Amino acid sequence: MSVCTRCGGKPFYTRRYSGETLCADCFLDSIAEKTKRTVSKYRMFGPHERIAVAVSGGKDSLSLLRVLSDLYLPRRNEIIAISVDEGVVGYRDEALEHARAVAKELGVEQVVVSYKDLFGFSLDEALDWKDRPVSSCSFCGVFRRRAIDEVATRAKATVVATAHNLDDYIQTFMMNLMHGDIERLGWLDPAYADDSFPVRRVKPFMEIYEEEVALYAFQVGVPFQSVSCPYMHEGLRSEVRDYLNMMEASHPGMKNVLLRSSLDVISRFARSSEKESVPCRSCGRPSSSGLCNVCRMKAEVEEHVNIQRNPRAAGGG
Ligand code: SF4
Ligand code: ZN
């Protein structure tokens, strides 16, 4: 019978791409070690930084909050959990409840902002419009990125950590290729500083397989969500995910190789992808055309949807 390659204990997980067999404790340690290596390789956090972890309440973000709290709270970094309530009745409430419980257990402050407060409409209200030019998730993502910036800035964070894992990373790389979005490749460079985000963004799980993050979540008892977003429409992404999973099953380690190749290609595009920007005439944030995506889409929503205005909504998000 095989035993843990590290300590000789009871086998729990075999990393097919490396041939390593690990017991449950050594597996959990290995996730923390991999995260720490990625953070240090890309110099994601400086000493005593105030780190905002973007916590949706899903298993990946709750796992990231736990790993970063374990690793960096003892090093006198400050950690806060920032969450966005898009306003999807019956879906986000459960996730935010999970986020609240895990943040409390870890002794981490949680700050929540809602689309309704920031933009004047909930996602349910905004999507009540049939002929939208973009998919629900692309639409939602534009507002979510702004909301995260807003809450991170208010919370005086110096860096935002998101839970994108290795699978997310290579899927995005492949999708950019398939859409012909070559200039966006450079934006995936871990060292790329996007000036349209006022607070730096990092992805400490970008070298960890999605399967391993899920296993970590399960093993440490991170709560799993029982419902998924009713607007979720992944289209091409789920086809790319299935294809990459199939390749990994027949060629273990293929995803790691693809990550290395992607990073190599991306680094060659990084310089040429630097964007020229001008201030948005509505909110003053950087934009490519004088009106940022958030202000443009917000105006479109207001034109098409009869929304109940929230008096606290900030102009331009
Ligand atoms: Fe927004 Fe799509 Fe996530 Fe739903 S699944 S919250 S629409 S990004
Ligand atoms: Zn704007």
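For the range 19-93, the strands (runs of 3 or more DSSP E) that sit wholly inside it and include 1 or more residues that are under 22 Å from Q110 (Cβ atoms) are 50-54, 78-85. Determine whether Y243 is open to solvent by less than 40 Å² (accessible area, probe 1.4 Å), in contact with a helix residue (DSSP H, G or I) (Cβ under 9 Å, 6 or more places away or on another chain), aromatic (F, W, Y) and at pLDDT 95 or above. No, not satisfied.
Here R50 fulfils each of the conditions (1) at pLDDT below 95; (2) buried (at least 18 other Cβ atoms within 10 Å of the Cβ); (3) farther than 19 Å from Q219 by Cβ apart from (2). Within the range 110-129, residues that are within 20 Å of V55 (Cα to Cα) and part of a loop (DSSP other than H, G, I, E, B) reach partners that are open to solvent by 10 Å² or more (accessible area, probe 1.4 Å) and of a type in the set (K, R) with beta carbons closer than 9 Å, at six or more positions or on different chains, in the pairs S122/K116.
Determine whether V111 is under 26 Å from S228 (Cα atoms), in contact with a strand residue (DSSP E or B) (Cβ under 9 Å, 6 or more places away or on another chain) and open to solvent by 30 Å² or more (accessible area, probe 1.4 Å). Answer is yes for this residue.
The set of residues in the range 144-180 that are within 13 Å of ligand 1 (Cβ to nearest atom) and open to solvent by less than 10 Å² (accessible area, probe 1.4 Å) contains only A147.
Taking every residue in the range 77-99 that is closer than 12 Å to A54 by Cβ and pairing it with any residue that is within 16 Å of ligand 2 (Cβ to nearest atom) and open to solvent by 40 Å² or more (accessible area, probe 1.4 Å), at least 6 positions away or on another chain, the pairs with Cβ-Cβ distances below 9 Å are V84/R144. Filtering the range 211-232 for residues that are open to solvent by less than 60 Å² (accessible area, probe 1.4 Å), within 16 Å of ligand 1 (Cβ to nearest atom) and in a helix (DSSP H, G or I) leaves an empty set. A Cβ distance below 6 Å, combined with a sequence gap of six or more or placement on separate chains, defines the contacts here; from the range 220-249, residues that are among the aliphatic types (A, V, I, L, M) reach residues that are outside any loop (DSSP other than H, G, I, E, B) and open to solvent by 60 Å² or more (accessible area, probe 1.4 Å) in the pairs M247/M254. Just one of the listed residues (G141, G87, G120) is surrounded by fewer than 23 Cβ atoms within 10 Å (Cβ to Cβ), more than 29 Å from F45 (Cα to Cα) and within 14 Å of ligand 1 (Cβ to nearest atom), namely G87. With respect to V151, determine if the residue is assigned to a loop (DSSP other than H, G, I, E, B) and either β-branched (V, I, T) or touching a strand residue (DSSP E or B) at 6+ places or on another chain (Cβ under 6 Å) (or both). It is false that V151 is assigned to a loop (DSSP other than H, G, I, E, B) and either β-branched (V, I, T) or touching a strand residue (DSSP E or B) at 6+ places or on another chain (Cβ under 6 Å) (or both).
Can you confirm whether K116 is among the basic types (K, R) and either under 26 Å from V213 (Cα atoms) or in contact with a strand residue (DSSP E or B) (Cβ under 7 Å, 6 or more places away or on another chain) (or both)? Against the criterion (among the basic types (K, R) and either under 26 Å from V213 (Cα atoms) or in contact with a strand residue (DSSP E or B) (Cβ under 7 Å, 6 or more places away or on another chain) (or both)), K116 does not qualify. Just one of the listed residues (G315, G235, G284) is modelled with pLDDT under 80, open to solvent by 20 Å² or more (accessible area, probe 1.4 Å) and within 16 Å of ligand 2 (Cβ to nearest atom), namely G315. Scanning for something over 18 Å from H179 (Cα atoms), part of a loop (DSSP other than H, G, I, E, B) and open to solvent by less than 40 Å² (accessible area, probe 1.4 Å), does the range 265-280 turn up at least one residue? Looking for residues that are over 18 Å from H179 (Cα atoms), part of a loop (DSSP other than H, G, I, E, B) and open to solvent by less than 40 Å² (accessible area, probe 1.4 Å), one finds at least one in the range 265-280, hence yes.
The values are calculated or read from the model by the stated rules, or taken from the named source; none is laboratory data. These numbers come from a predicted model, not from an experiment. Neighbour counts run over all protein chains shown; Cβ positions are idealised from the backbone, glycine included. SASA here: full protein model, heavy atoms, side chains in, ligands and nucleic acids out. Shrake-Rupley method; radii C 1.70, N 1.55, O 1.52, S 1.80 Å.
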